[in-house]
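None of the figures in this text is laboratory data; all of them are computed from the coordinates on show. This structure is a prediction, so every number in the text was calculated from the model and none was measured. No Cβ is skipped: glycine too gets one built from the backbone with ideal geometry, and neighbour counts run over all protein chains shown.
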Amino acid sequence: MDIRFFPNNELLNTAAAGLIAHLLQAKPNAVLGLATGGTPVGIYEALIKLYEQQHIHFREAISFNLDEYVGLPETHDQSYHAYMQQHLFSQIDMPETSIHIPNGNAADLQAECSRYDSLLDKVKQIDLQILGLGHNGHIGFNEPDAGLVGGTHIVELKEETRLANARYFDSLDQVPTHAITMGIGTILKAKTILLVVRGADKAKIVHDALTGPITTENPASLLQTHPNLVVMLDAEAGVLF
Ligand code: GLP
């Protein structure tokens with residue numbers, strides 16, 4: 001495990017975008033596993049700058065997003081489809097056909113999970129999976145539980161997750177109760193995983209995840225088993241190491 005500490009967010013964003021850019025330069029048709037939430041926003045901004053400066057392009061790249069809310073229209077400003085358009089895809093040259101995000105509005109959600117898994121099977125392996133971290137240790141929307149699911153599945157969101165994400169909605173009752181998420185098995189199959197954590201409110205959970213027991217009650221702790229895990233922490237999140 002390679003844990004890197006950054007004194008400020010700008011340096012962290014530059015380093016994370018640099019890691020992604022390095023991969024794209026070496027392998028233009030890389031498969032990127034993308035995350036949403038507040039954590040990666042600055043990384044995407046830094047990545048767009050590298051694209052605008054023509055250091056990288058996305059013409060041959062392929063992306064798979066981790067998750068999507070169930071029941072939010074794609075056009076809703078808090079859908080992860082809308083998030084990805086706003087923060088990345090509208091500003092780079094990745095072909096629409098190379099972008100994959102689970103459809104949380106599919107009439108048959110189980111069929112949608114299978115469809116997403118077969119697309120993932122086709123590319124065999126994600127080259128670089130970016131992850132943020134939930135306050136309860138969730139990655140993607142893999143919530144703490146007695147067991148975890150390997151493939152894409154529907155999950156009922158924990159109350160604490162809905163509360164944490166309520167800041168993006170007008171009220172808590174507008175936060176969806178369910179989501180569709182890539183499973184832990186798919187995440188752990190990625191060649192490289194980049195876990196990014198910011199803020200004092202996540203200092204304990206990231207410390208527990210990376211130094212405590214490996215338990216499905218803290219899904220991020222399973223990352224300890226990954227052979228190629230890079231962790232980027234800002235000063236506040238890294239305070240307990
Ligand atoms: C969300 C997402 C995760 C994200 C996490 C942290 O619910 N499903 O992919 O990593 O929670 O979000 P944030 O970066 O906004 O703290």
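Length available on full extension from V123 to E236: 0.36 nm per residue minus the Cα-Cα distance, which gives 37.0 nm. What is segment 108-213 by shape, rounded, prolate or oblate, if you read a ≥ b ≥ c off the alpha carbon gyration tensor as root eigenvalues and call it rounded for a/c under 1.5, prolate for a/b larger than b/c, and oblate otherwise? Judged from the Cα gyration tensor, segment 108-213 comes out oblate (a/c at least 1.5, b/c at or above a/b). Length gained on full extension, D2 to E45, computed as 0.36 nm times the residue gap minus the Cα-Cα distance: 13.1 nm.
Each residue, R167 and E52, gets one label point 7 Å from its Cα in the Cβ direction; the gap between the two is 2.6 nm.
Compute the separation of the alpha-carbon centres of segment 98-117 and segment 227-241 and state it in Å as a whole number. Their Cα centres are 32 Å away from one another. Ignoring the sites themselves, the chain has its longest run without trypsin sites (Lys or Arg not before Pro) in a DSSP loop having at most 14 other Cβ atoms within 10 Å at 125-241.
Taking the Cα atoms of segment 27-89, the ratio Rg/Rh between the radius of gyration and the Kirkwood radius comes to 0.99. Computed on segment 1-86, with alpha-carbon pairs under 8 angstrom and 6+ residues apart, the relative contact order is 30 percent. Once the chain from N9 to T177 is taken as fully extended at 0.36 nm per residue, the excess over their C-alpha distance is 57.4 nm.
With Cα atoms as the point set, the chain shows a radius of gyration and Dmax of 16.7, 47 Å. Excluding same-chain neighbours fewer than eight residues apart, the lysines reachable from K191 by a Cα-Cα span under 26 Å are K27, K49, K122, K124, K202.
Only bridges whose two residues both fall in the chain count here: according to DSSP, what percent of them are antiparallel, nearest 5? The antiparallel fraction comes to roughly 25 percent.
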